[in-house]
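Report on the structure given below.
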Number of protein chains: 2
Amino acid sequence: MKKYSLGLDFGTNSCRALIVDLSGGNEVASSVFKYPSGNDGVLTSTMDPLIARQMPQDYVDGLEHVIKQSLEIASGKGGFNPSEVVSIGVDATSSSIMPVSEAMTPLCLLPEFKNNLNAMVWLWKDHSSTEESEKITALAKEYRPEYLQKTGGAYSAEWFWSKILHCLNVDPEVFRHAFSFIEIADYLPAVLTGVNDVRKVKRCISAAGHKAIYNRQWGGLPDEKFLDLIHPDLALLRQRLYEKAYMSVEPAGFLSEHWALRLGLPKDVVVSVGSVDAHAGAIGAGIEPGRLVKIIGTSTCDMMIWPGDKEVNYLPGISGVVPDSIVPGYYGIEAGQAAVGDILLWFVKELTPLSYGKSIQDKFNNLTAEASQLQPGETGLLALDWNNGNRSVLMDPMLGGLLIGQSLYSRAHEVYRALIEATAFGAQIIINRLKENGLEFQEIIACGGLAINNPLLMQIYADVTGKTIHLAKSEQTGALGAAILGAVAAGKERGGFRDISEAQKKLTGIERSYAPIADNSLTYNQLYLLYRQLHDSFGDAKWQGSLSEVMKALIRIREDKRKN
Amino acid sequence: MKKYSLGLDFGTNSCRALIVDLSGGNEVASSVFKYPSGNDGVLTSTMDPLIARQMPQDYVDGLEHVIKQSLEIASGKGGFNPSEVVSIGVDATSSSIMPVSEAMTPLCLLPEFKNNLNAMVWLWKDHSSTEESEKITALAKEYRPEYLQKTGGAYSAEWFWSKILHCLNVDPEVFRHAFSFIEIADYLPAVLTGVNDVRKVKRCISAAGHKAIYNRQWGGLPDEKFLDLIHPDLALLRQRLYEKAYMSVEPAGFLSEHWALRLGLPKDVVVSVGSVDAHAGAIGAGIEPGRLVKIIGTSTCDMMIWPGDKEVNYLPGISGVVPDSIVPGYYGIEAGQAAVGDILLWFVKELTPLSYGKSIQDKFNNLTAEASQLQPGETGLLALDWNNGNRSVLMDPMLGGLLIGQSLYSRAHEVYRALIEATAFGAQIIINRLKENGLEFQEIIACGGLAINNPLLMQIYADVTGKTIHLAKSEQTGALGAAILGAVAAGKERGGFRDISEAQKKLTGIERSYAPIADNSLTYNQLYLLYRQLHDSFGDAKWQGSLSEVMKALIRIREDKRKN
């Protein structure tokens, strides 16, 4: 009898389920659900454009929909029976947190907080908590420098404590009524396993370590004294959070009776502890020592694993270094670019003329086709990929884009190519920072929408990095990774796997590879030096003759004007 | 009986005639002729994209067409008789030169040089002579620094000697057969007055002083020894050029019998010495001490006059300081921006999506309307206006455009506004350079297509400069200025004027004025400081932490790649 694992991947605007045949990786069925609330699932406020919230019910509705539909599709194909599902794994965006009651009720479901944005899910890309992140960073620099050594040197406005502190500052009622706060990646496995006491939820190291300064080295979450320095109420909250976080390969529990019945699945299905979506994606892409995984979509996430017994120094600008966060026994190392596909989409929507086509897809196709005809350097253009700030290695949201070298003859597809190249140079900055700190790798595996759909981008990345880039075999590495985590949590005796590596050998692979073209790499080496000059001058205040105040001043003036 | 003057204005792609009633400035008729050859009158070469040439016959055909047609239109209106025309003034683009025989035949009309681009008119914007200009600049720096003090510190690739030297280098046959070289602005009055010996042509100080290093201070053109250093053949050519240049208010002569007959005009029509188009435009706009005139079109030309008895120091980066070149008795001072309207047109054509309209005019209208709704600083964007290099004050063609501060939400009309602002900041750099050298003025008068058609641009210029900007009354200030020069050359007794000032009081005026808005100026003061930082960092190699090599390197790499 075959065994199957069901991977659930909760993204920003939609979620999906994937049913994987554990005997050989065949992805037998999948289903997608778009969150119905707000704008593509995101609720915003005209009062504050930095706010991005979500309805928790969208997640639960989505969970039910995609599981049922994928089971139906698989059953319809024949040769599959829901009783053969042994495990469910769950991943979700991280830094997407919400206030809940002691009994796990999301606060926004209580009548008194209905329609209150602060009682909903605070989506990862909610950027309203900048001041709070600066306060936390400043205090940590002074009192707990070791905390920042695991986060690249700064604590982000997107992360757990920044958001909770902002909630406390702007809506003390919500904060006071929240028994606890929970990552959506931890909430969903708890729902599936029927946990109704938030203290009993098994939170994942994957999110806790990378976003909430959780580390076994100092006994879990930041200590009470430090939290008290930030705000006394945070110190009190700490007791209602969690003492211990779990690896994503550990079982969260069995599917609850309620959900087993509702979904038509056996009760002994093992549900694994949640995972950050990128970490699941890295697993589904085949992450292993010596391989950098890049998830290239609207933004990028760059991940490595590094043997847990080797020393990993402080990696300035690399946002996370956490033991056991991706693969047990290894440090999970995470960096990223704040915008890649988003920059291209912005350019196609806002600055591409009709001559490249009418629809967004036509424009993408024609821009890509024409840009592919160009040699590196032929545009005379160079860009900085900071339209959404810079995550790694500058960790600075107060930056903007830059385009240089325009003539009176520059064409849209030349700008488009320069923007792709800028993201490749941004990727190279991260690679060099890893290398400078002794973290070498031989191969790059890419996954995500852009990696699949844009061969020009892949070739440019190969040429710029000088390394072969492999495209992961699965188009749904997140859901596949979640399915793998579930199957490892289920264990060998239930038809799952002993460990991630064993599962990857069976279920992951490479679709095709892009080798660097030596001539192109030579030109890109020259251009990278120029990119580096701009990067350092505009991004680093310590640089001689630094222009690092220019972008910040422009943003400050803009925000001032928009307030009036 | 009324008296009329006919102004002829020869632009890059077309020429026009304007018949002006000298009693009160009424512009009774005008006519335009588009040069028929090549692309909008310009012949280019796929071998060298920097080449831009013209057919001299286009000018002569245009001259006949526009005079005849404007006379016809004026006559048709009644109350006008061609016999009442007392004068013709002529202006043309400068640095547009051609090789001619001793008898004034353009070399390209000789059978052996038919279709030879080097035997045609070398249009001002022909940029093939960069190496030659660098050689001349270097030699002048060493041996004749006084020459460069009148040209802002460098000798341009567009100018007289650079082009002739390039001709000598690339096509010695043409050079050897050329008895002389002549500016089109000098050629056309000579044609009208029937001069058939090139040595007898009255060349204008307007072009000679600003483009050919002609100055009475050193006895006319550069001396033979210096020319010999550049190339011995140039020293020999000097004898076949001219000893003395004339003011544009001086008569070149009377209309030749041939042309009087052909055009239906009296034989005693006075034709004035030619003029640079921008200088004629300044006169038609009402230039006088204390007033800066800005001609704002595809590029800009900024002009002042300064009493000839006051000392004018070396003005670094200001391309011309020449006595009597614009108005007798005054230094003519000229600076300019290499691209203004051209940058906006480029943006509208290449980077503006359909949502702003289908036609270029619709896009311009909608971009302008939406950009007008924004406050200064609200875009968060800042640009450098160097898509065509920088004329004043950097005098450096090896520069490119720059746009900074893009977010994922930046819109095309925001970029459009930032580009207009960039040209305004560029204008302010010139104003400050003049001011630093004691050349103060109280008012700005603007003319040219953009000044007439783009009130948003005019308001931004007022806000950025903090000065009231007046729009000149005439929409054809070049042709009007030429008509004034003709009327002054004809003199009072023939129904003309004693001097330019007397003519301007009668014939020029202000259409409307744009006063700076104090709040906007405050914001623009902040943004100008940021612009200045970028300007100096990318434009000035002496600046600490200078990025001045970045744009040059991009252009070098681009040109390398395009050659392959």
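Just so it is clear, none of the values below were taken in a lab; they were calculated from the coordinates. Worth saying up front: this structure is predicted, and the values here are computed from it rather than measured. Counting neighbours? That spans all protein chains shown, and the Cβs are built from the backbone with ideal geometry, glycine included.
Tabulated data
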quantity	calculated
Cα gyration tensor, segment B:376-523 - rounded (a/c under 1.5), prolate or oblate	prolate
Segment B:349-401: trypsin sites (Lys or Arg not before Pro) in DSSP loop, at most 16 other beta carbons within 10 Å	B:K358
Distant alpha-carbon pairs in the protein assembly as shown (separation over 59 angstrom), percent	27 percent
The protein assembly as shown - charge dipole about Cα centre, Lys and Arg +1 at Cβ, Asp and Glu -1, debye rounded to 20	540 debye
Nm distances between copies for B:G24, ranked from closest, using label points 7 Å along Cα→Cβ	9.8
Chain B, relative contact order in percent, only Cα pairs under 8 angstrom and at least six apart counted	15 percent
For B:I510, distant residues with modelled amide H under 5 Å away	B:K473
Debye equation applied to the C-alpha atoms of chain A, log10 I(q)/I(0) at 0.08 Å⁻¹	-0.51
Built amide H within the under 5 Å cut-off of A:A29, gap 5+	A:I19
Dipole moment magnitude, nearest 20 debye, segment A:232-271 about Cα centre, only Lys, Arg, Asp, Glu C-beta charged	80 debye
Exposed GluC sites (Glu not before Pro) absent - longest run of chain A, DSSP non-H/G/I/E/B, at most 12 other C-beta within 10 Å	A:1-242
Flagged links, alpha-carbon separation over 19 Å, of A:K435/A:K467; B:K211/B:K542; A:K150/A:K211; A:K2/A:K77; A:K150/A:K505	B:K211/B:K542; A:K150/A:K505
Segment A:427-517: trypsin sites (Lys or Arg not before Pro) falling in loop per DSSP and having at most 15 other Cβ within 10 Å	A:R498
Whether segment B:486-542 is rounded, prolate or oblate, judged on the alpha carbon gyration tensor where a/c under 1.5 counts as rounded	oblate
Simple Cβ-charge dipole of chain A, Lys/Arg +1 and Asp/Glu -1, about Cα centre, in debye nearest 20	340 debye
Sites A:S23 and A:K349 - FRET efficiency at Förster radius 51 Å, r taken between beta-carbons, to 0.05	0.70
Net charge contributed by nearby residues that have their C-beta within less than 15 Å of A:I420 (K/R +1, D/E -1)	-3
Other copies of A:E257: label-to-label distances in nm, shortest first, labels 7 Å along the beta-carbon direction	12.4
In sequence order, calculated HN-Hα J values of segment A:41-58 (Karplus, 6.51, -1.76, 1.60; Hz; x Gly/Pro)	x, 10, 9, 10, 10, 5, 5, 8, x, 7, 6, 9, 10, 9, 8, x, 5, 4
Shortest-first nm distances, B:K225 label point to equivalent points in other copies (7 Å, Cα→Cβ)	8.5
Expected 222 nm ellipticity per residue - DSSP helices of 4 or more, -39500 (n - 2.57), all of the protein assembly as shown, to 500	-12500 deg cm²/dmol
Contour excess over end-to-end distance, with Cα ends at A:V60 and A:I510 and 0.36 nm allotted per residue	158.7 nm
Sparse-neighbourhood loop sites, chymotrypsin sites (Phe, Trp or Tyr not before Pro) in segment B:355-460 - DSSP loop, at most 15 other Cβ within 10 angstrom	B:Y409
Likely footprinting exposure, B:C167, A:C204, fewest C-beta neighbours within 10 Å first	B:C167, A:C204
B from A by rotation - nearest chain A beta carbon to the axis, in Å	A:G545, 1
